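These notes concern the structure reproduced below.
The values are calculated or read from the model by the stated rules, or taken from the named source; none is laboratory data. Note that this is a predicted model, so its numbers are computed, not measured. Because the Cβ atoms are built from the backbone with ideal geometry, glycine has one as well, and the counts that use them run over all protein chains shown.
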Amino acid sequence: MAKKVVHVVGTGTIGEPLIGLLADFRDALGIDEVTFHKRTPLLTDRSKVRNLIRRGARFVTDSKSFEGFREIGLDPELETHEALDNADVVIDCTPSGVGTSNKQEYYQRFSHNTLGFIAQGSEFGFGKPYARGINDAALVRGEDQYIHVVSCNTHNLSVLVETIALADGGPENFVSGRFVCIRRANDISQDTSFIPAPEVGSHKDRRFGTHHARDAWHLFNTLGLELDLYSSALKLNTQYMHTIWFSIIVRNKTTADDVVDRMRANDRVALTHKRSAGTVFSFGRDHGHYGRILNQTVVPHDTLTVREHDGGYEVVGFCFTPQDGNALLSSVAAACWFLDPETYEQRIQALGSLFFDEV
């Protein structure tokens, strides 16, 4: 039987933890081999490459970079084209825009013997948008070879729409959703892009505001839904977690207790009595997989409120976005779906200890 190989391109904020997650759980996920590509030999990155190799992943780079990596004590096992040719699934975790460029330059050349390609976050148009548990029913084996795993904040606002509105009467119950994505300035793994003060964003999309609502609309549209969604964004001078303020209007009568009950029934939603991004982040550091829990959102009970609104009901609250964990889980789920669509949901339950009911 041929090996089932998953290849990850990039070792940054998403790539590094994803490689580690796949390597640590590869047996339970039905993966025989994990390979990863790093382009540039840097002494500052040598320790993480060594650690990923120690955890069982195989190191890949371009042929022109072999000597540079050997000079800093790292020995690549495979060349880029060889790794792509061997892979059953390729997950692109490169910076914004590079994934789409890689699709045109590399991936389309290997599509004949690769089950699927996955790109992360800000790669709108790479393929069918996907978030685990939201639109799995829209994936079609043999048709969807390119999947776009939506951003962590898009995961968050989508699961809010699903849990608060769609789970209580379907799309007829949903009226509108408004979101303010209060983003961290940068990740704790990054030295650049930190800001000294809050920085507001612009509404570049006249219909949706920012890409978060746009991407969520396209996500739900794969199921035939056309939802009224709008988002705004700003950055705060913090490295802890993204936070979202939301207002979701529904037609059916509901209460804050009803909303909490629906959230408890969804394994992708964690509830908390904590109100600080610092304490929620700390929980992930202490109890997650190398700092990350895999829930799609963490909702503080006490921020939820419901009021009557134009014949309907407005659900208002705040929530935290787990540190890229939701996108990591969707990437693993999509990879397992490509490998075996009949068993992928069962296989990712191996990660169940990283889904939390309460934080």
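Can you work out which of the residues in the range 16-57 that are surrounded by fewer than 22 Cβ atoms within 10 Å (Cβ to Cβ) and in contact (Cβ under 8 Å) with a residue 60 or more places away in the chain is nearest to residue 192 (Cα to Cα)? Out of the qualifying residues, it is 24. Is it the case, given these coordinates, that residue 287 is under 27 Å from residue 25 (Cβ atoms), in the same structural domain as residue 165 (by TED's automatic domain parsing) and surrounded by fewer than 20 Cβ atoms within 10 Å (Cβ to Cβ)? Here the answer is yes, as residue 287 does meet what is asked. Selection of the range 94-121 for residues being surrounded by 16 or more Cβ atoms within 10 Å (Cβ to Cβ), small (Gly, Ala, Ser) and either over 21 Å from residue 221 (Cα atoms) or modelled with pLDDT under 75 (or both) yields 99, 116, 121.
Condition check ((1) closer than 18 Å to residue 116 by Cβ; (2) not aliphatic (A, V, I, L, M)) across all residues:
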site: 15; (1), (2): yes, yes
site: 48; (1), (2): no, yes
site: 57; (1), (2): no, no
site: 63; (1), (2): no, yes
site: 72; (1), (2): no, no
site: 84; (1), (2): yes, no
site: 95; (1), (2): no, yes
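Taking the range 284-301 as the range and being within 17 Å of residue 239 (Cα to Cα) and assigned to a loop (DSSP other than H, G, I, E, B) as the test, the residues that pass are 290, 291, 293.
Pairs meeting the criteria (first residue in the range 212-228 and among the acidic types (Asp, Glu), second residue surrounded by 21 or more Cβ atoms within 10 Å (Cβ to Cβ) and outside any helix (DSSP H, G or I), beta carbons under 8 Å, at least 6 apart or on different chains) are 215/129; 215/150; 215/151; 228/174; 228/177. Looking across the range 305-351, the residues that are among the small types (Gly, Ala, Ser) and under 18 Å from residue 266 (Cα atoms) come down to 317, 325, 327, 330, 333, 350.
For the range 234-282, the set of residues classified as farther than 26 Å from residue 308 by Cβ, in contact with a Gly (Cβ under 6 Å, 6 or more places away or on another chain) and surrounded by fewer than 17 Cβ atoms within 10 Å (Cβ to Cβ) consists of 234 only.
In the range 24-40, how many residues are under 15 Å from residue 10 (Cα atoms) and touching a Leu at 6+ places or on another chain (Cβ under 7 Å)?
3
With (1) among the basic types (Lys, Arg); (2) under 30 Å from residue 115 (Cβ atoms); (3) modelled with pLDDT under 95 as the list, and residue 347 as the residue in question, which single condition is left unmet? Residue 347 satisfies all of (1) among the basic types (Lys, Arg); (2) under 30 Å from residue 115 (Cβ atoms); (3) modelled with pLDDT under 95 except (3). For the range 313-359, a residue qualifies if it is crowded, with 21+ Cβ neighbours inside 10 Å, among the polar types (S, T, N, Q) and not in a helix (DSSP H, G or I), and the qualifying residues are 321, 323.
Pick from the range 58-90 the residues that are under 26 Å from residue 334 (Cβ atoms) and of a type in the set (D, E, K, R): which of them is surrounded by the most Cβ atoms within 10 Å (Cβ to Cβ)?
Applying the first criterion (under 26 Å from residue 334 (Cβ atoms)) to the range 58-90 yields 58-62, 77-90.
With of a type in the set (D, E, K, R) added as a condition, the list becomes 58, 62, 77, 79, 82, 85, 88.
Details: 58: 18, 62: 16, 77: 13, 79: 17, 82: 13, 85: 15, 88: 20.
That would be 88.
Per-residue answers, yes or no, for (1) touching a helix residue (DSSP H, G or I) at 6+ places or on another chain (Cβ under 8 Å); (2) hydroxyl-bearing (Ser, Thr, Tyr):
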| residue | (1), (2) |
| --- | --- |
| 196 | no, no |
| 207 | yes, no |
| 235 | no, no |
| 254 | yes, yes |
| 257 | no, no |
| 262 | yes, no |
| 270 | no, no |
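The residue list 91, 72 contains one member that is within 23 Å of residue 141 (Cα to Cα) and at pLDDT 95 or above, which is 91.
For the range 5-46, filtered to residues that are over 20 Å from the mean Cα position of the chain (by Cα) and in a helix (DSSP H, G or I), the residue that is farthest from residue 349 (Cα to Cα) is 43. Residue count for the range 257-276 satisfying the condition of being touching a Leu at 6+ places or on another chain (Cβ under 9 Å) and within 22 Å of residue 329 (Cα to Cα): 4.
Specify which of the listed residues (192, 163) is among the polar types (S, T, N, Q) and not in a loop (DSSP other than H, G, I, E, B). Steps first, please.
Numbers: 192 fails: not in a loop (DSSP other than H, G, I, E, B).
Result: 163 is the single residue among 192, 163 that is among the polar types (S, T, N, Q) and not in a loop (DSSP other than H, G, I, E, B).
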